[in-house]
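The values are calculated or read from the model by the stated rules, or taken from the named source; none is laboratory data. A quick note: this is a predicted structure, and the numbers were derived from the prediction, not measured. With ideal geometry, Cβ positions are generated from the backbone for all residues, glycine too; neighbour counts draw on all protein chains shown.
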Amino acid sequence: MDQQQQVLVQHFDHCPWLFTESASEDQRLAQRERQEAIAGDSEIGERCYVAESAAVFPDRLRLGDDSYIAAHAYVTGELTTGSDCTLNPFTTVRGTVVLGDGVRIGAHTSLLGFNHSMTPDRPVFQQPLTSSGIKVGDDVWIGSHVVVVDGVTIGDHCVIGAGAVVTKDLPAWTMAAGNPARPLRDRRGVPAAPAPQSRPLTRFADTARAQAADIIARCWDGGHYVDRPGTAPTVRAHCDAVEIADLLLRSVPGQLSADEHVRRLGSLQEPDTGLVPELGKPLPTADADGFVGEGEALYHILSVGYALDLLGSSFPHPVRGVREMTAPQLVARLKGMPWHDGAWGAGAWIDAWATAARWNLRHGEQDSGALEALFGWLLTRNDPWSGMWGSPSAEAGRLQVVNGYYRLTRGSFAQFGLPVPHPERVVDSVLDHARDPRYFGSGRENACNVLDVAHPLWLCTRQLGTGTGGEGYRTAEIRVWAEGQLTAALSRWRDGKGFGFGPGAAGPGLEPGLQGTEMWLAIVWYLADLLGRSDDLGYRPRGVHRPEPPRLIN
């Protein structure tokens with residue numbers, strides 16, 4: 001290529017809109033070769049241009065007709081664009097990003113459709129990556145030097161001012177600017193809708209954080225943790241104290257050192273079985289397949305395992321009954337479960353089994369065949385009409401089915417980062433259950449029932465995503481339910497005591513204690529996240545109720 005041709009290529013790289021009408025045949029051939037040389041799974045439409053100087057290394061690229069990637073752009077991950085989209089010079093697009101038609105991205109702008117975890121147990125460069133993705137609608141202009149972070153949806157016809165940092169979804173027709181970006185007005189000339197008020201959430205989180213140490217101390221009897229004053233010490237109470245301290249204080253409960261917390265909780269595990277009995281009680285007798293079918297020891301796989309995880313440790317021994325269970329034994333157990341009249345118990349058992357399998361993987365001592373059999377059986381037995389396992393009844397409605405669904409998917413699909421089957425039908429079933437006045441009438445909500453609706457809705461909406469206008473499947477109904485539950489939940493906080501579990505026969509009841517506090521703090525996060533306001537809390541669950549799968553290694 002002579003000097004004159006090089007100058008022209010540099011011109012097209014910075015002004016690619018001139019290429020279609022002005023390029024020579026040799027330059028068109030060179031551009032076709034440039035596009036064909038892009039690595040990964042790529043499809044490029046008609047009349048597109050990819051600058052020679054752009055660093056384009058995608059896993060998957062779909063570039064719509066009449067679109068271009070200009071000089072010195074940096075593109076990795078999965079990028080999908082509609083037609084007439086422009087990535088101007090020095091733009092950065094990474095992770096999972098979807099653009100509609102007619103999107104203009106200004107120079108030096110970054111669309112970062114991925115994130116790092118930030119747990120304190122390892123350096124940042126060793127943290128696992130997460131990706132919710134970025135979605136941009138049609139007819140959107142994003143100015144220069146803008147940053148759009150992972151998980152954001154920008155609706156149709158939006159304009160984002162130069163230098164903005166977009167951290168939250170923006171509805172269609174919004175003009176926004178600032179760091180963090182705030183709506184200024186509507187492009188159509190009508191006043192922009194006011195941003196949701198975050199002060200109640202911030203005030204709540206600040207209050208909970210300020211009182212957390214005293215709430216935990218209230219439940220220390222001098223030697224052990226109790227759920228609330230006057231009750232007997234339990235294994236779960238110790239674990240709940242660890243979770244609350246981590247969530248609100250990012251520290252350990254002050255009654256013991258971190259090493260002593262680890263020593264006490266780790267020593268509760270019986271080496272022969274890998275199970276943790278309740279304090280002062282024996283383990284239940286194992287069934288013929290070598291694993292237990294009920295009792296506190298099942299939940300302790302979750303509570304103790306995650307408490308140790310938060311403390312930077314793990315179970316010292318594998319869970320033997322899960323490690324040694326064969327695929328045929330597991331399938332026989334699954335077939336024999338009470339799916340018609342006891343789906344919650346079936347889901348709780350699977351939650352414990354799958355969680356034990358996950359902890360066993362850290363020891364490198366889990367039979368993968370049994371784990372694969374679990375997911376295969378669940379996928380082939382899922383009801384495509386409801387997305388559930390089990391059947392509703394006239395006596396209990398969908399209570400057993402929905403609550404069992406939460407426990408089952410928490411320990412299996414969610415904990416292993418796998419998509420659930422038929423998510424739209426799950427949303428239908430869960431919203432139907434959430435209208436049942438027996439469980440969601442005024443004053444009748446307890447932590448278990450609200451969590452077991454909030455988590456499936458959160459899990460499925462994240463899987464389904466949103467449309468280009470920022471709306472997903474039954475999003476409006478989900479938000480209405482979440483807003484009402486969030487308002488009610490915040491009102492239940494008792495200064496110096498925390499949350500009570502709630503009414504009903506299940507759980508410890510109305511008196512504030514560690515279990516209710518730990519669960520409702522997580523519920524508040526899920527409800528706020530469904531509304532796009534969880535950042536206002538300043539915390540994110542990392543224990544039993546964490547939204548991301550736990551790591552496989554310490």
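Selection of the range 352-383 for residues being in a helix (DSSP H, G or I), charged (D, E, K, R) and more than 15 Å from residue 325 (Cα to Cα) yields 362, 381. Inside the range 414-438, residues that are part of a helix (DSSP H, G or I) and at pLDDT below 95 make up a count of 2. For residue 550, the conditions (1) in contact with a strand residue (DSSP E or B) (Cβ under 7 Å, 6 or more places away or on another chain); (2) in a loop (DSSP other than H, G, I, E, B); (3) within 30 Å of residue 362 (Cβ to Cβ) are fulfilled apart from (1). Close Cβ contacts (under 6 Å, 6 or more residues apart or on different chains) running from residues in the range 324-338 that are farther than 16 Å from residue 372 by Cβ to residues that are at pLDDT 95 or above and part of a helix (DSSP H, G or I) comprise 337/346. Restricting the range 467-482 to residues that are under 19 Å from the mean Cα position of the chain (by Cα), assigned to a helix (DSSP H, G or I) and of a type outside the set (A, V, I, L, M, F, W, C), the residue that is nearest to residue 528 (Cα to Cα) is 479.
Taking first residues from the range 57-83 that are in contact (Cβ under 8 Å) with a residue 60 or more places away in the chain and within 15 Å of residue 106 (Cα to Cα) and partners that are in a loop (DSSP other than H, G, I, E, B) and of a type outside the set (Phe, Trp, Tyr), the Cβ contacts under 6 Å between residues at least 6 apart in sequence or on separate chains come to 71/51; 71/53; 71/89. Within the bounds of the range 446-466, is there any residue that is free of Cβ contacts under 8 Å to residues at least 40 places away in the same chain and either buried (at least 17 other Cβ atoms within 10 Å of the Cβ) or over 15 Å from residue 531 (Cα atoms) (or both)? So far as the range 446-466 goes, no, none of its residues is free of Cβ contacts under 8 Å to residues at least 40 places away in the same chain and either buried (at least 17 other Cβ atoms within 10 Å of the Cβ) or over 15 Å from residue 531 (Cα atoms) (or both). Pairs linking a residue in the range 150-161 that is under 14 Å from residue 178 (Cα atoms) to a residue that is of a type in the set (Lys, Arg), with Cβ atoms under 7 Å and 6 or more positions apart or on different chains, are 159/187. The residue pairs whose first member lies in the range 479-497 and is at positive phi, whose second member is aliphatic (A, V, I, L, M) and in a helix (DSSP H, G or I), and whose beta carbons are closer than 7 Å, counting only pairs six or more residues apart or on different chains, are 496/215. Quick one: is residue 439 surrounded by fewer than 20 Cβ atoms within 10 Å (Cβ to Cβ) and among the aromatic types (Phe, Trp, Tyr)? Answer is no for this residue.
For (1) modelled with pLDDT under 95; (2) outside the structural domain of residue 150 (by TED's automatic domain parsing); (3) in contact with a Leu (Cβ under 7 Å, 6 or more places away or on another chain); (4) surrounded by fewer than 16 Cβ atoms within 10 Å (Cβ to Cβ), each residue gets a yes or a no:
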| position | (1), (2), (3), (4) |
| --- | --- |
| 495 | no, yes, no, yes |
| 516 | no, yes, no, no |
| 527 | no, yes, yes, no |
| 549 | yes, yes, no, yes |
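Note on the range 68-142: enclosed strands (runs of 3 or more DSSP E) holding 1 or more residues that are crowded, with 21+ Cβ neighbours inside 10 Å and under 23 Å from the mean Cα position of the chain (by Cα) are 74-80, 92-99, 110-113, 134-136.
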